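Working notes, structure below.
The values are calculated or read from the model by the stated rules, or taken from the named source; none is laboratory data. For clarity, every value in this text was computed on a predicted model and none was experimentally measured. So basically every Cβ, Gly included, is an ideal-geometry build from the backbone, and we count neighbours across all protein chains shown. Accessible surface areas use protein heavy atoms only, side chains included; no ligands, DNA or RNA. Shrake-Rupley method; radii C 1.70, N 1.55, O 1.52, S 1.80 Å.
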Amino acid sequence: MTSTSFCLNGREIAQEIDSRQSLADYVRETLNLTGTHLGCEHGACGACTVEVDGTPVRSCLVLAVMCDGKNVETIEGTRTDEAMNIIRRNFREKHALQCGFCTPGMLLTARDIIRRHRAPNDAEIRAELSGQICRCTGYMGIVAAIKSAAVEING
Amino acid sequence: MKASAFQYVRPENLTEAIELLSGDPDGGAMAISGGQSLLVLMGLRFAMANTLVDISRLPELHRVSESADRVFLGAATTHAMIEDRKVPDPSSGLMPRVASKIAYRSVRNLGTIGGSMALADSAADWPACLIALDADIVIMGAHGERREKAEDFVRGPYETALLPAELVVGIDIPHRRTARWGTNKVARKSGAFADSLAVFVDSSNDGPARLALTGTASHARLLPRTSTYAHENRILDNADLRATILADLEDVDPLADAYRQRCHVATAMRAIAEARL
Amino acid sequence: MSISPETETWIGKSLLRKEDIRHLAGAGMFVADIRMPNMQDVAFVRSPIAHGHLLGIEKPAGREASVFTLVDLGAVRCIDAGPELASFRTTPYPPLAGDRVRFVGQTVAACIAPTRAEAEDIAEQVIVNTDDLPTVVDAVAALQPGTATLYDGWSNNAFIHATIAEGDIASVANAPVQMHRTLKMNRQATVALEARGVLAYWDHRLDELVVYTSTQGPHVMRLGIAQSLGLPEHKLRVIAPDVGGGFGGKNRLMPEEIAIAALALKLGHPVRWIEDRREHLIASVHAREHHYDLTLFAETDGRVLGIKGALHVDAGAYALWPSGPFMESSMAARNLPGPYRIKHLHIDTHTVATNKAPLGPYRGVARPGACFAIERAMDELAHELGMDPSELRRINLVSAADMPYRTAGGLLLDTGDYPTALEAAVEMIDLPAIRERQKTPEPDGRKIGVGFAVYTEQSGHGTVEWTKRKSRVVPGYESATVRMLPDGTVHLMVGILNHGQGLETSLAQIAASELGMHPDNISVRHGDTGSTPYGFGTFASRSIVFSGGAVAKACRQLAIKICRIGAHLMQTDTAETALRDNAVHGPSGSVSLAEIARAANTRPELLPQGTEPGLEVTATYEPPDSGGVFSYGVHAALVAADPKTGIVEILKYAVAEDCGTMINPLIVDGQIIGGVAQGIGTALYEELPYDEAGQPLATTFGDYMMPCATEIPHFEIRHFVTPARNTEYGVKGMGEGGAIAPPATIANALTDAFRDIGAKFLETPMTPRRVSEAVARAHGENG
């Protein structure tokens, strides 16, 4: 166990954490924030994507104890985020989700893409999405949603 | 797929880190930085440690400096920092390009150049790139700092020149401001490990031509004959070039079957062609 | 009474999906998200070897009480799986291995601890003692005389041999053109992004075992689990919460489900197992793995007369309940004539046991293989005859005038216009422009090619078809309960399951249309045997036909009662009423659904005399012709391939399809695109190879290639709408169709790209290595 404190979705956490616990397992099993999904546990599917200090990371490949002093945001922390809610609406309108399992990771990745590319084209979005597995949609709706959300957010 | 139990320690400085790594004579202490490969191996229980020494915040590994003829990138420099040109680029765009093709963005946000070299996966991108750039790997151990040429540092699959309780502290790369370069990769899909990856840095007034290849049965290697041939000939004869690459392959990937040979020849020729477009 | 379709229908509207809201919030509730007090996690010890006697299991000292073997589970029955045919060899598949292990990954023991990590710590210390028996990994070689068998007492390794024949194949033995090909579609995983998971506990208040499981059919799973545990069904409640994709892979009773349920009964606290990705790849439902050896008989003008040959399906080590692996073989053989007027068919099928994980259904079931075989063979024949493959198809396709047409596979193609869909696909991909472009080499040295494939997709098949298949469970109908609450809003309970298909939206659209309501005022409930009427779940592209029909039927019956009450409240005659806009309208005024629902539910004194209170109807539905209705389509792809490295890029992909009436076109397009993406995975990327010792070689996503956004192209889709004759609204099922044609389409495009050298593409997935080797072989070089 390692004493760890960090800011999670705007709230200060200070706990003894099992050193081997991944950030994903910690937020899911200890904090019951189950919007972060585990699709592979080896960094290849992107379902568990969360933000640490403002950049998306795979929470299955981050030890919770390594987040000490950092700022962590999970999908639950984005519910009032204006940009994210624009992305959400575009996801819905473009049918960018079916079973919903990849969706939280997709949304966090989408927001990062839109931050780093003002007006990404299809090829850029697809390249940035590589490593985010969606088994249901065939990605077309996701690409379209990110493209239109970027226009809306970045003008 | 959960790692077995371990102790976690986060030393304040490099000396302390090396002491911690030296303190476990059975090698039960391992360093973790980005963790993007190590935690996969630990989750699968292919790798285990009694103690994980978190070196991700050591100031010594975050040092970045640039001189007239060289760039030093601390080992903790992430692929994303290189991709985004947030650190000096000695390679006129080669390193950002190579970085951008490593795995996926959220992996690149944490994965580090030092960690990639220290792990030395036989299909990883940085060893080939840094061999082509003739970089030095800067190593720190209990007995002080030493350097290895990148091509001497990687020695086999997951095998390097690192001695127990030594750490990669950074990469020292000569400037190739005027060199043109090319790189070509064959992988089963985007982000997958390379079946063949060639990185070519052409001759220029700041250095000779160097072609490095990975995706071999063993580890990234310089193709010496091909490098010399390209250095000495501006106009390349495709048949000669091909024969030269094949001659190099007999040394660097003797077990390659016909398909892997085709891939190696293709990536090597295309990397050179891209540089000379 | 009437409802007014002009103003009220929601059929055909691209309504945004209701289920999106919770998933976009990250508030879905999947099995792994459920928290129970005192819950413990299970890690399974799995067989490290492919075949051997299980000689003993050594539990770690001090942790004996945390490790459970088959004998520790208590009385568990191995229920028979597979078709009810005397010729099918049933195999007991115990939840934990008994005296023998037959594939790497088979469950051997269950270890239990407060966390999964600790459970894995225990599992790691369990020692499994086995000896080694000969390993069978090749389904064709497995039937050679003298080969070791997986099961003592079997004369060879076949679960079943069966011949599918129609017409008289001997009559075409002298056909002027005879072409022989062998083709292979390799084994793959189903890979729902949410892997499987089970959570079970005894609910003392309700005196029942509750099993949460990520399944496509909770009612059928209850039957299987109840029989396995010897538990009466009223003491067992199965709940599928949010299910993160299924695609067939969550529609079989699996050993882990039985083991976890048995442990919960034994231990008295909640027990959970969440499948990890490695477990999924080695031990969950595997799919495909067909070997075809076919001869086509044809006239010189391209008319195909008959198909003769053999099909081996590598079924893995066990038959999964309920259907087992035989459906894969028989369906594949019956679908070989495809959409063509081929009169004579003779296929010997062999469903073969090997030391691999058991085979189960996956989107398209059997047909991606059959389509790959016939559509590749049609192209090969076209090349032999010097014809354009699209022209050869045109000559052989069943035409609209031929409908209904009974194929040589015994399938009754009901409605549609296949040649028109082919023309559309040719136009969408712009065949003439591609032929022009092919005249000059590509500047990047790649070769480009165009390919087509036609498919049909049987859906909505009921009692007749499933009885013919000798199914142990005959999914011949679906049920729906519609319940109007006192404020006039509606709960709709259905026996199918929504795991991404948008059924919470499309079924609400159907109910809304029938009840003159807005879909927002209708909640669709599914997935809980405790609160939904009986049903078989979502698979075989059946839900919109069956469940949509049941919803329509129940709502219509309810509408009659609503109008009767409305007429009474307005003091008019029921015949004078119309149900629309949330109200019953009479000649002089209207009464809202809320008023009617209030009367029916909470103010019975307002009801007409003799009318029972309440507004609730349960209906079951089966289409009148239960042989099925057939969606169909034509796929066209333009690909570019690197002749050296073998890397393939899809430059353009077009789909012309007809699934009858569309309830929600947005959802239909989503199903098509998602299906095609999975088909592209089958075509180019996904494979579960085994070595000769039966060790699986793709155990993580590092080895198992999942297509991502960079691998999947943009799609163009054109719809034709030929309503089915016998279903509600003329719908046809369409969930699987997208996945059927891509392997054939892409292989045909690659063949076209390398037509000048005659490179052969007869095996999936067409990985860079296979493509490069095919080209090298065509050049007479070393593969």
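For this structure, a couple of remarks:
- At 0.692 mPa s and 37 °C, Stokes diffusion of region B:84-146 via Kirkwood alpha-carbon radius, µm² per second: 255 µm²/s
- Whole-Å semi-axes of region C:317-378's equivalent ellipsoid (Cα gyration tensor): 24, 12, 10
- The distance from the alpha carbon centre of region C:31-45 to that of region B:1-73 is 32 Å, rounded to a whole number.
- Cα-based shape type of region B:1-105, given that a ≥ b ≥ c are square roots of the gyration tensor eigenvalues and the cut on a/c is 1.5: oblate
- Scanning residues 5 or more positions from C:L54 or on other chains, those with amide H under 5 Å from its amide H are C:R100, C:V101, with H placed 1.01 Å from N in the peptide plane.
- Computed from backbone phi with θ = phi - 60° and the Karplus coefficients 6.51, -1.76 and 1.60, the 3J(HN,Hα) list for region B:34-45 is x, x, 6, 9, 4, 6, 5, 5, 6, x, 7, 6 Hz; x is used for glycine and proline.
- Accessible surface of C:V721 - all protein chains present, 1.4 Å probe, nearest 10 Å²: 80 Å²
- The HN-Hα couplings worked out from phi for region C:26-43 by the Karplus form 6.51 cos²θ - 1.76 cosθ + 1.60 (θ = phi - 60°) are x, 10, x, 10, 8, 3, 5, 8, 7, 10, 10, x, 6, 6, 10, 9, 10, 10 Hz, whole numbers, x standing for Gly and Pro.
- In chain B, helical runs assigned H by DSSP with n ≥ 4 each contribute -39500 (n - 2.57); averaged across all residues and rounded to the nearest 500, the mean residue ellipticity at 222 nm is -9000 deg cm²/dmol.
- Relative contact order computed over region B:59-174 (Cα-Cα under 8 Å; 6+ residues apart), in percent: 29 percent
- Toward the positive end of the charge dipole of the protein assembly as shown, with +1 on the Cβ of Lys and Arg and -1 on the Cβ of Asp and Glu, the farthest Cα among C:V210, C:P587, C:L96 is that of C:P587.
- Kirkwood Rh (inverse of mean 1/r, distinct Cα pairs), region B:181-276, angstrom: 13.0 Å
- Point-charge dipole on Cβ atoms (K/R +1, D/E -1) for chain C, about Cα centre, debye to 20: 700 debye
- Relative to its Kirkwood radius, the Cα radius of gyration of region C:244-354 gives an Rg/Rh of 1.17.
- For chain C, alpha-carbon Rg over 2.2 N^0.38 Å: 0.99
- Mean projected area (nm²) of the alpha-carbon convex hull when the protein assembly as shown is viewed from all directions: 48.5 nm²
- Between region C:468-502 and region B:183-219, the Cα center-to-center distance that results, in Å: 56 Å
- DSSP-loop GluC sites (Glu not before Pro) across region B:1-102, with at most 13 other Cβ within 10 angstrom: B:E12
- Counted charge near C:A741, where neighbours are those whose Cβ lies closer than 14 Å (Asp, Glu -1; Lys, Arg +1): -2
- Free of any GluC sites (Glu not before Pro) that DSSP assigns to a loop and that have at most 15 other C-beta atoms within 10 Å, the longest stretch within chain C is C:300-691.
- Taking Lys and Arg as +1 and Asp and Glu as -1, the other residues whose beta-carbon sits under 11 Å from that of C:L485 total 0.
- Percentage of interatomic Cα-Cα distances in region C:187-297 larger than 19 Å: 46 percent
- Region A:100-155, Cα convex hull volume normalised per residue, Å³: 69 Å³
- As a length-normalised measure over Cα pairs under 8 Å and 6 or more apart, the relative contact order of region B:181-276 settles at 35 percent.
- Computed from point charges on the beta carbon alone (+1 for Lys and Arg, -1 for Asp and Glu), the dipole magnitude for region B:59-174 about its Cα centre is near 360 Debye.
- In whole percents, the pair-distance distribution calculated for chain B from its alpha-carbon pairs, binned every 10 Å from zero, is 7, 30, 35, 20, 7, 1.
- Each of B:L249, C:N174, C:I647 was scored by the projection of its Cα onto the charge dipole of the protein assembly as shown, and the greatest displacement toward the positive side belongs to C:N174; charges sit on the C-beta of Lys, Arg, Asp and Glu.
- Computed with every protein chain present, the accessible area of B:I18 is close to 10 Å² [probe 1.4 Å].
- Local electrostatic count at C:G449 - Lys and Arg +1, Asp and Glu -1, tallied over other residues with Cβ under 12 Å: +1
- Percent of alpha-carbon pairs separated by more than 25 Å within region B:59-174: 13 percent
- Distance from the Cα centroid of region C:636-712 to that of region A:1-59 is 32 Å (rounded to whole angstrom).
- Relative contact order, percent, region A:2-77 [alpha-carbon distance under 8 Å, six or more residues apart]: 41 percent
- Region C:631-732: trypsin sites (Lys or Arg not before Pro) in DSSP coil with no more than 10 other Cβ atoms inside 10 Å: none
- Only helices enter the 222 nm calculation for chain C: every DSSP H run of n ≥ 4 contributes -39,500 (n - 2.57), and dividing by all residues gives -8000 deg cm²/dmol, rounded to 500.
- Length available on full extension from C:H180 to C:R437: 0.36 nm per residue minus the Cα-Cα distance, which gives 89.4 nm.
- Computed over region C:305-448, the convex hull of the alpha-carbon atoms projects to a mean area of 11.6 nm².
- Stokes-Einstein D (µm²/s) once Rh is taken as the Kirkwood radius of region A:2-77 over alpha-carbon pairs, at 37 °C in 0.692 mPa s: 276 µm²/s
- Here's the list of aspartates and glutamates a cross-link from B:K149 could span, going by alpha-carbon distance under 14 Å and ignoring same-chain residues fewer than 8 apart: B:D134, B:D136, B:D172.
- Tail weight of P(r) past 19 Å, computed on alpha-carbon pairs of chain A, percent: 51 percent
- Cα gyration tensor shape of region C:261-320, rounded if a/c is under 1.5, else prolate or oblate by comparing a/b with b/c: prolate
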